[in-house]
Amino acid sequence: MSSTARTARTARTALAAGTVAALAAGLAACGGQSLEQKGGKDGGKGEIVIGSAGFTESKVLAEIYSRVLADAGYHPRVQTLANRELYEPALEKGQIDVVPEYASTLAEFLNAKKNGAKAKPVASSDIDKTVAELKKLAEPRGLKVLPAGAATDQNAFAVTKEFAAKNKLRTLSDLGRSRQKVKLAAGEECETRVFCKPGLQKTYGIAVAGIDPKGVGTPQAKQAVKDGTDQLVLTTTTDATLDNFGLVLLQDDKKLQNADNVLPVLNAKSAGDKEVEAALNKITKVLTTEDLINLNRKVDAERLKPADVAQAYLESKGLVKK
């Protein structure tokens, strides 16, 4: 998220070509249409497509958005795409209408898209300044950035407890000083993203021997580190299953990761209605970082469905009818 889950959040694996084709075929006809144009014969407020990246937290947040929008009278549908490289262009085109996002991660993504991979960073640990910079980059692309809330999910890196103890690691700086070569389990996009491999090398001097494209914080990625196939895994600060794999986070002591508060981002033309904003702001105002951890745990550890977890959470907050 944030990114990473951050990543965060920053997802995670390549989308199959067939899925891309299906997305284009299914959504191109309504791309960029307003909610009134997409309204149905039943007098509803129209269909809204909520984008979800390919990791647990994004899936749950998309389902939460879906349910509050349904409660507000819209016809929501969740469309999962693997990573930001795929869903952000679809959001610009209006093929999807709403995405749960992470302020710093999206700001730097759009910054690189506009100014190149070596552009001066615009995100920071100051969430207000980061959102202001994000809006400058998003609005010319037809995107509307809604206010950020207290919930934050930052990208994070973990190793096994045994590896940490053997090499006396508590921080990412410790890992850099250890001169240990590590294979990193992450999404393939980690190769170029500033918060990932380039940042680990430049900021911490960590010797990343290669990327194992198993996704961000996926069970497969964490299992690879547990088994010793890889030594480091990209996950998020809200990962609720690290203990299950015997993993521990290394502190980001030089603040490679920026403030990645959760916030909704809309296609201004297709979903810029005040009623959409009001419905989503209800979520932003109540959602906390602890909520994110608990929501992730229910899916990843308790094996509940994201849709069921979302419904139960909204009911517990009194935001939708039971």
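The values are calculated or read from the model by the stated rules, or taken from the named source; none is laboratory data. Just so you know, these numbers come straight off a predicted model, no measurement behind them. All Cβ positions, glycine included, derive from the backbone under ideal geometry; neighbour counts span all protein chains shown. Only protein heavy atoms, including side chains, enter the accessible area calculation; ligands, DNA and RNA are left aside. Shrake-Rupley method; radii C 1.70, N 1.55, O 1.52, S 1.80 Å.
Before moving on, here are some points about what is shown:
- You will find that of LEU234, LEU287, LEU250, the residue that is farther than 19 Å from VAL99 by Cβ, within 16 Å of the chain's Cα centre (by Cα) and at pLDDT 95 or above is LEU234 and no other.
- Remark: pairs (first residue in the stretch 245-256, on the phi > 0 side of the Ramachandran plot; second residue open to solvent by 50 Å² or more (accessible area, probe 1.4 Å) and outside any loop (DSSP other than H, G, I, E, B); Cβ separation under 9 Å; 6+ apart in sequence or on different chains) = GLY246/LYS161; GLY246/GLU162; GLY246/LYS226.
- Pick from the stretch 65-75, criterion open to solvent by 40 Å² or more (accessible area, probe 1.4 Å) and of a type outside the set (Lys, Arg), ranking: farthest from ALA271 (Cα to Cα): ASP71
- Selection status of ILE293, surrounded by fewer than 19 Cβ atoms within 10 Å (Cβ to Cβ) and closer than 30 Å to LEU143 by Cβ: yes
- Single condition ALA119 does not satisfy, out of (1) part of a strand (DSSP E or B); (2) modelled with pLDDT under 95: (1)
- Filter pass, PRO147 being open to solvent by less than 10 Å² (accessible area, probe 1.4 Å), outside any helix (DSSP H, G or I) and touching a strand residue (DSSP E or B) at 6+ places or on another chain (Cβ under 9 Å): no
- Exactly one residue out of ALA8, ALA53, ALA14, ALA24 is open to solvent by 60 Å² or more (accessible area, probe 1.4 Å), among the hydrophobic types (A, V, I, L, M, F, W, C) and modelled with pLDDT under 95, and it is ALA14.
Table: residues versus (1) closer than 24 Å to LYS118 by Cβ; (2) in a helix (DSSP H, G or I); (3) open to solvent by less than 10 Å² (accessible area, probe 1.4 Å).
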site: LEU175; (1), (2), (3): no, yes, yes
site: PHE195; (1), (2), (3): yes, no, no
site: ASP212; (1), (2), (3): no, no, no
site: GLN220; (1), (2), (3): no, yes, no
site: ALA224; (1), (2), (3): no, yes, yes
site: VAL233; (1), (2), (3): no, no, yes
site: ASP239; (1), (2), (3): no, no, no
site: LEU249; (1), (2), (3): no, no, no
site: GLN257; (1), (2), (3): yes, no, no
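- For the stretch 151-173, the set of residues classified as in contact with a helix residue (DSSP H, G or I) (Cβ under 8 Å, 6 or more places away or on another chain), open to solvent by 10 Å² or more (accessible area, probe 1.4 Å), at pLDDT 95 or above and closer than 27 Å to ASN294 by Cβ consists of THR160, ARG170, listed by residue number.
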